[in-house]
Structures are given as structure tokens and as C-alpha cells.
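Since the structure comes first, as C-alpha cells, the remarks are kept for the end.
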Amino acid sequence: MSTSSPAPSTGDDLVISGIGVVTPWADTPVAAAAATGRPAEPGDWFDHRERLGRRGYKYLPTATQYFLAAAKHALADAGETRPGSDPEDEQRRGAVVGTNSAAVALHESMDHTVMAEGANALSPATAPYFSINLFGSRLATEHSFRAFNLTLTSPRVAGLEALETGARSIAAGRASWLLAGATEEALPAGHPGAAASERGAVALVMEPVAKVRERGTAGYGRCRVRSLFLPPEVAATPEGPDRVRERIAAVLAGQGIGPGQEHRVIAVLDDSPVSAAVAVAVGPRADLVTAGAGALEPLLQVAGALAGLSGPVVVVTAAREGNLAVALLTPLDDVV
């Protein structure tokens with residue numbers, strides 16, 4: 001068995017080969033991306049016994065169940081139903097998940113239990129999930145992803161940062177294959193942002209285009225992400241939109257999209273000064289989408305755009321804290 005590592009891939013070599021979406025509205029990327037309702041109360045739309053199996057999943061946090069189900073769909077979509085079958089291959093596979101609210105309800109419940117009954121009353125099955133890093137760990141053990149297993153929590157942009165961080169890791173030679181995405185669970189009633197709660201998950205498989213073509217599959221397209229930061233106090237100034245416009249233009253120029261090149265823009269924004277600056281910067285031709293409380297909506301828009309990709313699409317999102325992220329989606333036959 002060879003112990004040499006394959007040559008690192010560049011961003012231009014990588015393609016999204018599988019998409020998995022799990023939401024209360026639909027499990028197809030386009031339908032989920034087009035949905036507007038975000039139910040604040042739990043429903044019966046998700047049954048782990050049907051989605052994952054009857055044993056071994058009951059006590060997992062719901063956000064973990066959502067991401068496992070989305071990953072299952074994405075792996076099957078990419079033709080990777082047994083990604084851990086080769087021990088050497090296992091060492092080259094990584095996973096990154098982004099989330100903002102996956103743990104909030106569970107942690108609040110833990111706090112109430114400790115205050116009312118003491119720490120000994122915590123459930124042994126759920127107590128380890130005091131650590132946000134464990135919400136994606138079951139994915140790595142179940143599918144033998146041994147290169148790395150990361151959790152990101154940046155407001156609003158965590159899911160897009162998962163793709164960015166994973167792609168950088170592949171380019172650096174730390175992995176040759178990636179499963180990345182976002183998962184969220186509804187915030188508790190009365191919690192700030194509860195009315196805009198998100199529930200569900202998106203998982204995307206990213207791998208070198210040569211591997212996709214070896215299997216005789218087409219893939220969906222390339223996805224290149226860049227995250228940025230704009231201080232809210234700067235965004236609120238008259239110069240704020242110009243600063244955003246310059247930064248987005250620089251990102252796109254670095255990826256081959258010039259000022260005159262036609263492309264669709266989707267902006268996932270909240271009601272903050274930062275998002276207001278982004279809305280002005282992207283202009284009236286952009287499709288504006290109301291952001292949820294977490295990091296799921298930008299990934300839903302990416303998945304929906306990839307599923308019907310025919311030309312360049314830019315997905316930009318922002319959070320009131322100043323986080324920005326820009327994703328450029330391009331078809332495989334695009335010269336960009």
C-alpha cells in the first residue's frame with residue numbers, strides 16, 4: 001500500500017458532487033431554498049427512526065440528527081455510500097459543520113436541570129453535548145472521516161465558512177475530500193431571535209473534479225467562499241456601502257468575475273446596519289432573502305442555486321456583528 005499523499009488540490013479543482021437538505025418544508029434544495037416559513041414550535045416532520053435507523057440515534061441532539069440525515073442524502077447523491085471502506089482513504093476525508101443555535105435549547109435545558117436538581121440529574125446521554133464540538137462528531141465516527149472534524153460558530157456565516165475552511169484544508173494537503181454544511185435547531189421561546197428560528201441542515205460533498213469524472217458523474221459546480229469582516233460602526237457610516245462594494249468586487253475579481261460579467265446575486269440579510277450596507281452595495285438587481293436566526297439560510301440558498309446552476313451565482317450574507325461571507329458558484333464548464 002502506498003503511503004504517499006496525493007498532490008493538494010486547488011480551489012479551481014474542487015466541485016460540489018453531492019447535496020443533502022433536511023428542513024421542515026422540503027428535502028429538495030430548490031424547494032427548501034424557496035421556503036419562507038420557519039416554524040418556531042417543534043413538529044412531527046422529522047423522525048430519526050425513518051431518516052437514520054431505529055437504533056442508536058434516539059438520544060442524539062436533534063441538530064445532530066438533522067445533519068446526519070442531510071449527510072446521508074449528500075453522500076448518496078455523490079455516489080459515496082461507503083466513504084470509509086478504504087483505511088487509507090479514511091485518513092484523507094474531512095468534515096466541517098457550521099452552527100449558531102444547534103445547542104442553545106439543549107444548553108438552556110441543562111442549566112435549568114442543574115439549578116433545580118443538581119448536576120447529577122443531567123442525562124448521561126446528552127451531558128457530553130455541553131461541548132458544541134460534539135454536535136458533528138457522530139458524523140466523523142459513523143463515516144470514518146479521519147482527516148479532521150471541525151465545528152464553526154461565527155454568526156450567520158458559519159456554514160459558508162465551513163466550505164471555505166474545508167477548501168483551504170484540501171488546498172493545503174490536509175485532506176482530499178470534504179463534507180461540509182450547517183445545522184440548526186429552533187431557539188427556545190422567549191429567546192432573542194426565536195421568532196426567526198431555523199430548523200434543519202444542509203450538507204455538501206466537495207471533492208476534486210477528477211474524482212467525480214472518474215465515477216462518471218457530473219457534479220453540480222464549483223463553490224468558492226471568502227469570509228470578511230466589516231465593523232458595524234463603519235457599516236453605519238455613509239461610506240459603509242462603498243466599503244462593502246469594494247470588498248465584494250475584490251473577492252469576485254480574485255475569482256475571475258469582472259465588473260461587466262453577468263452574474264446573479266442572492267443576498268441573505270437581517271435588519272442590521274451591516275446588512276443595510278450590503279443591500280445598498282449589491283444594488284436593486286440582487287435577490288434579497290430574509291435571514292433566519294442562524295447560519296442555515298445562506299447554505300439553503302447555495303444548495304438551491306447549485307441544483308439549477310446555469311451561470312455564475314453569488315451568494316452574500318452578513319450579520320449584525322460584522323461578519324460577511326461571499327460564495328461564488330460557477331458551472332463546471334465555466335472558464336472562470
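The values are calculated or read from the model by the stated rules, or taken from the named source; none is laboratory data. All values derive from a computational prediction rather than experimental measurement. Note that we place each Cβ from the backbone using ideal geometry, even for glycine, and neighbour counts take in every protein chain shown. Ligands, DNA and RNA are excluded from the accessible area calculation, which covers all protein heavy atoms including side chains. Shrake-Rupley method; radii C 1.70, N 1.55, O 1.52, S 1.80 Å.
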Take every Cα pair under 8 Å in the chain that's 6+ residues apart, average their separations, divide by the length, and report that relative contact order as a whole percent. 24 percent
Of all DSSP beta bridges located in the chain, what percent are antiparallel, nearest 5? 60 percent
State to the nearest 20 debye the size of the charge dipole of the range 223-334 about its Cα centre, where the only charges are +1 on K and R beta carbons and -1 on D and E beta carbons. 140 debye
Can you run the Rg to Rh ratio on the range 185-249? Use alpha carbon positions and the Kirkwood inverse-distance Rh. 1.18
Could you tell me which residue out of Ser101, Leu309, Leu299 lies farthest along the dipole of the chain toward its positive end? Charges go on the beta carbon: Lys and Arg +1, Asp and Glu -1, centred on the Cα centre. Leu309
How would you rank 249-260, 174-185, highest first, on the average number of other Cβ atoms within 10 Å across their residues? 174-185, 249-260
Accessible surface of the chain [probe 1.4 Å, protein heavy atoms]: carbon and sulfur percent: 53 percent
At 1.4 Å probe radius, can you tell me the per residue accessible area of the chain in Å²? 44 Å²
In debye to the nearest 20, the charge dipole size for the range 86-199, taken about the Cα centre with +1 at each Lys and Arg Cβ and -1 at each Asp and Glu Cβ, equals 280 debye
At a 10 angstrom cut-off on C-beta neighbours, averaged per residue, how do the peptides 229-242, 307-320 rank from highest to lowest? 307-320, 229-242
Divide by every residue of the chain the summed helix terms, -39500 (n - 2.57) for each DSSP H run of at least 4, and state the resulting mean residue ellipticity at 222 nm, rounded to the nearest 500 deg cm²/dmol. -9500 deg cm²/dmol
Residue farthest toward the positive end of the dipole of the chain, with Cβ of Lys/Arg at +1 and Asp/Glu at -1: which of Thr126, Gly193, Gly173? Gly173
Rounded, prolate or oblate: which one fits the chain, using the alpha carbon gyration tensor with axes a ≥ b ≥ c (rounded when a/c is under 1.5, else prolate when a/b beats b/c, else oblate)? oblate
Within 13 Å, Cβ to Cβ, of Gly283, how many net charges do the neighbouring residues add up to if Lys/Arg are +1 and Asp/Glu are -1? +1
If the only charges are +1 at each Lys and Arg Cβ and -1 at each Asp and Glu Cβ, what is the size of the charge dipole of the chain around the Cα centre, to the nearest 20 debye? 540 debye
